[in-house]
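Asks: Quick one: this structure, given as structure tokens, is what I'll be asking you about.
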Amino acid sequence: MAITSIKNLKEFSTNNDRFEGAHTLCPGCAHSMIVRELMNCTDDNLVIASNTGCLEVSTAVYPFTSWDTSWIHIGFENAATAVSGAEAMFKARKKKGTLKDNDASVKFVAFGGDGSTYDIGFQWLSGAMERGHDFTYICLDNENYANTGGQRSSATPIGAHTSTAQAGTHSYGKKQKKKDIVAIMAAHDAPYVAQLAPNKWKSMAKGFQKALETEGPCFINTVSPCCTEWKFDPKDTINITDLATDTLMFPIYEIINGHELNILYRPKNVLPVEEYLAAQGRYKHLFKPENKHVIEEIQKNINEYWEMLQRREEARV
Amino acid sequence: MQDLKLKAAEKRGIHQLGGDELVGWDEVTQGIILTSFEGDASDIVHKKAEERNYSDFNSYTATVASWRVKKPVFNIDVCIDCQNCWVWCPDTSIISRDKQMLGIDYDHCKGCEVCVEVCPTNPKSLLMFGEQEDLETALSQWPEKKKKEK
Ligand SMILES: Cc1ncc(C[n+]2csc(CCOP(=O)(O)OP(=O)(O)O)c2C)c(N)n1
Ligand code: SF4
Ligand code: SF4
Ligand code: SF4
Ligand SMILES: [Mg+2]
């Protein structure tokens, strides 16, 4: 495969973007930062499928497309299915020698939001992973159903206010913890699974390249801060991502062949989670005295998870 | 109304998959194929935007300039070509060529200010100004280098 140089940002910037402007994602939306990076990681032909969600509706505003590659949208839940089908057909035709260019290097990628990945498209994704297609699935995790007005999903963390898990006099927002999608995908015995963040552009680019190069089904959960629903100023998208990775709210790591865990970013100064929470309107209510226990619980969860990751990294099991 | 839609669709050469009847977006039944380029697109990855044969369907040919209230202005004298603004611009609006930052694509920039936030120089090489401000006036107001706070 033709991967592009990511030695430093100057080299990386010599790539010609294949994701075009005048899409209609909100100003400052991290979805497009992630998609641009994926597409700039390789010179190969890309076949991309998107689930319904902000990315899909904003990049296919009839009669426009923002994609300079083959791109397909079918429904909310079936990007993994669509791309599986394309990949299976490609393989079959390659074997028969009936492709227009039989030596063409093609990579298959699916994008889904957390709503379509963790919830509504979950079984379709699981099926494609289990069947072992050669593709990379990237979840743009903004922890809510952003495109329909910010409903809670199983990716929404405990304590966050959403339109269907509202904070108020009787509630502190979502009651349940975030689903551990990375562990679930690793349990599919996938050759490459990772959690990555756009502020750490290099580890994200490396992870994307690894996934594209690895044969078989790869899954990457990416943190995608959503200024509209997380309620912060659009200019702060990367600042918020820095807080997410430096408080370890979003640890950056990969799991190879289901067991070899590598931590990809260790903050020099781990920040208290309050700093991340205080920067976003969706957690505002947690700073009332009666909700102090929720912040404590979030911090406890973070500490325990970080401990678990470090032990698994050491144990290689 | 129907006529207008058909005319608009005709102008853009839109056709429904499997037929040659022109349709508006709300009449699509089976699906739509849009082509991003005119003619051969096999080597697009090696072509810069200005060398590409974009079709009218490509959003590159559209603009979101009207979304902006403020715009980022680029001061080339301070820039160190680090490419932070390039990698994090959500709207593919930083024009970088041969490792150099050349300026902003104001057709696609939405004025989010992310590029200004991530610019590391002192003073910054990108700053926000009112949409109507001209370049010369903006550059004449550029702040001096800030002393490090202790
Ligand atoms: C089967 C089905 N259920 C619901 C919807 C409505 N719907 C469209 S986009 C969307 C939200 C998508 O959320 P997510 O997957 O997290 O992506 P985001 O918009 O947050 O990027 C929903 C619920 C749909 N199109 N199809
Ligand atoms: S609602 Fe959030 S995810 Fe959707 S386009 Fe806006 S910022 Fe991006
Ligand atoms: S203001 Fe936002 S959209 Fe405009 S160039 Fe800067 S980062 Fe890109
Ligand atoms: S971030 Fe600032 S210094 Fe770096 S390339 Fe952009 S304008 Fe120049
Ligand atoms: Mg979402």
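Asks: Got at least one residue in segment A:258-279 being more than 16 Å from ligand 3 (Cβ to nearest atom), in a loop (DSSP other than H, G, I, E, B) and under 18 Å from the mean Cα position of the chain (by Cα)? Before the answer, list the steps.
Replies: Restricting attention to segment A:258-279, the residues satisfying the condition of being more than 16 Å from ligand 3 (Cβ to nearest atom) are A:258-279.
Imposing the further condition that a residue be in a loop (DSSP other than H, G, I, E, B) reduces the set to A:258-259, A:264-272, A:279.
Narrowing further to those that are under 18 Å from the mean Cα position of the chain (by Cα): A:264-265.
Scanning segment A:258-279 turns up at least one residue that is more than 16 Å from ligand 3 (Cβ to nearest atom), in a loop (DSSP other than H, G, I, E, B) and under 18 Å from the mean Cα position of the chain (by Cα).
Asks: Go through segment A:123-167 and give me each residue that's touching a residue at least 24 places away in the same chain (Cβ under 8 Å) and among the charged types (D, E, K, R).
Replies: A:130, A:131, A:134, A:141, A:143
Asks: Moving to a separate point now. Just the residues that are open to solvent by 30 Å² or more (accessible area, probe 1.4 Å) and near ligand 3 (Cβ under 10 Å from one of its atoms), please, taken from segment B:85-114. Write out each step before concluding.
Replies: In the first step, residues of segment B:85-114 are kept if they are open to solvent by 30 Å² or more (accessible area, probe 1.4 Å); the result is B:95, B:97-100, B:102, B:106-107, B:113.
Answer for segment B:85-114, where residues must be open to solvent by 30 Å² or more (accessible area, probe 1.4 Å) and near ligand 3 (Cβ under 10 Å from one of its atoms): B:95, B:106, B:113.
Asks: Tell me, which residue of segment A:55-101 that is of a type in the set (Asp, Glu) and either surrounded by fewer than 20 Cβ atoms within 10 Å (Cβ to Cβ) or farther than 16 Å from residue A:116 by Cα (or both) is modelled with the lowest pLDDT? Even if it seems obvious, please write down each step before you answer.
Replies: Pass one, segment A:55-101, residues of a type in the set (Asp, Glu): A:56, A:68, A:77, A:87, A:101.
Pick out the ones that are also either surrounded by fewer than 20 Cβ atoms within 10 Å (Cβ to Cβ) or farther than 16 Å from residue A:116 by Cα (or both) and you get A:68, A:87, A:101.
On the way: A:68: 98, A:87: 98, A:101: 91.
Within segment A:55-101, the match that is modelled with the lowest pLDDT is A:101.
Asks: Another question, then. Show the residue pairs that are 6+ apart or on different chains and have beta-carbon atoms under 7 Å apart, the first residue being within segment A:13-38 and at positive phi, the second being assigned to a helix (DSSP H, G or I) and open to solvent by 20 Å² or more (accessible area, probe 1.4 Å).
Replies: Pairs found: A:22/B:60; A:28/A:234; A:28/A:235.
Asks: On to the next question. Confirm whether residue A:9 is under 28 Å from residue A:142 (Cα atoms), within 14 Å of another protein chain (Cβ to nearest Cβ) and within 17 Å of the chain's Cα centre (by Cα). Full working, then the answer.
Replies: Working: under 28 Å from residue A:142 (Cα atoms): yes; within 14 Å of another protein chain (Cβ to nearest Cβ): yes; within 17 Å of the chain's Cα centre (by Cα): no.
No: the conditions fail for residue A:9.
Asks: All but one of (1) crowded, with 21+ Cβ neighbours inside 10 Å; (2) among the charged types (D, E, K, R); (3) in a helix (DSSP H, G or I) hold for residue A:107; state the number of the condition that does not hold.
Replies: Answer for residue A:107: the failing condition is (3).
Asks: Here's a follow-up. Please go through segment A:37-80 and give me each residue that is within 13 Å of chain B (Cβ to nearest Cβ) and acidic (Asp, Glu), ordered by number.
Replies: Step one: list which residues in segment A:37-80 are within 13 Å of chain B (Cβ to nearest Cβ), which gives A:37-46, A:48, A:54-55, A:57-75.
Within segment A:37-80, A:37, A:43, A:44, A:68 meet the criteria.
Asks: Continuing with this model, one more query. Please specify each residue of segment A:1-50 satisfying the condition of being in a loop (DSSP other than H, G, I, E, B) and among the hydrophobic types (A, V, I, L, M, F, W, C).
Replies: Of all residues in segment A:1-50, those in a loop (DSSP other than H, G, I, E, B) come to A:1-2, A:4-8, A:13-18, A:20-29, A:41, A:43-44.
Within segment A:1-50, A:1, A:2, A:6, A:22, A:25, A:26, A:29, A:41 qualify.
The values are calculated or read from the model by the stated rules, or taken from the named source; none is laboratory data. Just so we're clear, the structure is a prediction, and the values are computed from it rather than from any experiment. All Cβ positions, even for glycine, are placed from backbone atoms using ideal geometry, and neighbour counts span all protein chains on display. In case anyone asks, the SASA skips ligands and DNA or RNA and just uses the protein heavy atoms, side chains included. Shrake-Rupley method; radii C 1.70, N 1.55, O 1.52, S 1.80 Å.
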